Amino acid sequence: MLSFEKINADNMMQTAKFYNYKISRTSDYTVGGIYMWREFYDTSFAIYEDMIFYKVKFLDRTSFTYPIGSGSFTKAIEALKEYCKSNDLPLWFCTVPEEVVPILTEEFNGTIPGNPSRDWADYLYRAEDLAQMAGRRYSGQRNHINKFLRLYPNYQYHEMSSENLGRVIDFLKDYQTKFGKEASLAQEEFKRALEIMPLIDKFQLPGGFIEVDGEIIAISVGEIIKDTLYSHIEKANRNYEGAYQMIVREFARHNVTEEVKYINREEDVGDEGLRKSKLSYHPTKLLDKYCVSVPYN
């Protein structure tokens, strides 16, 4: 019988070793994504014969993520079926990427109860696009960047470290006071951003910030898995025109390598301002996530 364990700072990296087996570029199997939202989704995990899956509360329903790892996908699904039978639960998968949907529907007779929510689709970009912002379609972004460079030519970009982390946390608190949103998801994100900051070295999350005249004016924290850089936290002081465009570009430039081909800037959760902003950077694709119901027999 499967035994699920709550996610915490001590076991997080135990689960992270499985993420290199994921076959999609969605943000749900990432250290930052799992840890920051573990309380919100009541997340726990189980490991079965070199496969991992998570149990979450999604849309008020007990749900599971698709199994990943070096073991047998079929055996993992059968183990989940037995668990759900024993606990009188439907076998309901959430945040299923499109690459996995055919496996669950064709091999395990799964059904898709509805269309994927646009609010939860991840924004995927070509890494080179955000690092260079070249071409006509990025002219608007370059205009903001050029104005920032004219106004603040002595800006500096720094990687986050234990020595400057306190200043970054102070920036986050000040940002929340000045620009924080009242929406519950935004409040949760701020709370969890503060919580994860002291753990970025432990979790091997790259972070960076821009400062002007000794003051931090923008930050970003992300994660690299296989060929994708994930952007978990991104905040900028809007009083510095072009600060957001600069942190997007600089964070990409300092973390994109020959191996990193894409950047996932995650969902807009239905926030119209976020949606407009994320679309303005011209994603190469929106990564939909599905719910799939799988029968026991």
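The values are calculated or read from the model by the stated rules, or taken from the named source; none is laboratory data. Being a predicted model, the structure only gives us computed values, none of them experimental. We place every Cβ from the backbone using ideal geometry, glycine too, and count neighbours over all the protein chains shown. These area figures cover heavy atoms from the full protein model, side chains too; ligands, DNA and RNA do not enter into them. Shrake-Rupley method; radii C 1.70, N 1.55, O 1.52, S 1.80 Å.
Things to note:
- Taken residue by residue, segment 12-29 has no member that is farther than 28 Å from HIS232 by Cβ and more than 18 Å from the chain's Cα centre (by Cα).
- Residue match in segment 126-147 (condition: of a type in the set (A, V, I, L, M, F, W, C) and in contact with a Cys (Cβ under 8 Å, 6 or more places away or on another chain)): no
- Leading residue by the ranking (most open to solvent (accessible area, probe 1.4 Å)) among those in segment 170-198 that are over 17 Å from the mean Cα position of the chain (by Cα) and of a type in the set (S, T, N, Q): THR177
- Close pairs from segment 247-269: first without any contact (Cβ under 8 Å) to a residue 60 or more places away in the chain, partner surrounded by 21 or more Cβ atoms within 10 Å (Cβ to Cβ) and of a type in the set (A, V, I, L, M), Cβ under 8 Å, at least 6 apart: ILE247/ILE210; ILE247/ALA218; ILE247/ILE219; ILE247/ALA236; ASN255/LEU229
- Counted residues, segment 254-287 - those being part of a loop (DSSP other than H, G, I, E, B), out of contact with any Ser or Thr (no Cβ under 6 Å at 6 or more places or on another chain) and surrounded by 18 or more Cβ atoms within 10 Å (Cβ to Cβ): 6
- Unmet criterion (only one of (1) open to solvent by less than 10 Å² (accessible area, probe 1.4 Å); (2) aliphatic (A, V, I, L, M); (3) in contact with an Asp or Glu (Cβ under 7 Å, 6 or more places away or on another chain); (4) farther than 19 Å from ASP170 by Cα) for LEU229: (3)
So that you can scan it fast, the table gives a plain yes or no per residue for (1) hydrophobic (A, V, I, L, M, F, W, C); (2) touching an Asp or Glu at 6+ places or on another chain (Cβ under 9 Å); (3) free of Cβ contacts under 8 Å to residues at least 12 places away in the same chain:
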position	(1), (2), (3)
GLY180	no, no, yes
ALA186	yes, yes, no
ILE200	yes, no, no
PHE209	yes, yes, no
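- Pairs linking a residue in segment 90-105 that is in contact (Cβ under 8 Å) with a residue 12 or more places away in the chain to a residue that is assigned to a helix (DSSP H, G or I) and among the basic types (Lys, Arg), with Cβ atoms under 7 Å and 6 or more positions apart or on different chains, are LEU91/LYS81.
- Only a single item in (1) within 30 Å of GLU258 (Cβ to Cβ); (2) in contact (Cβ under 8 Å) with a residue 40 or more places away in the chain; (3) open to solvent by 40 Å² or more (accessible area, probe 1.4 Å) is not met by ILE112, and it is number (1).
- Test: residue in segment 77-84 that is part of a helix (DSSP H, G or I), free of Cβ contacts under 8 Å to residues at least 60 places away in the same chain and either of a type in the set (Asp, Glu) or buried (at least 22 other Cβ atoms within 10 Å of the Cβ) (or both): yes
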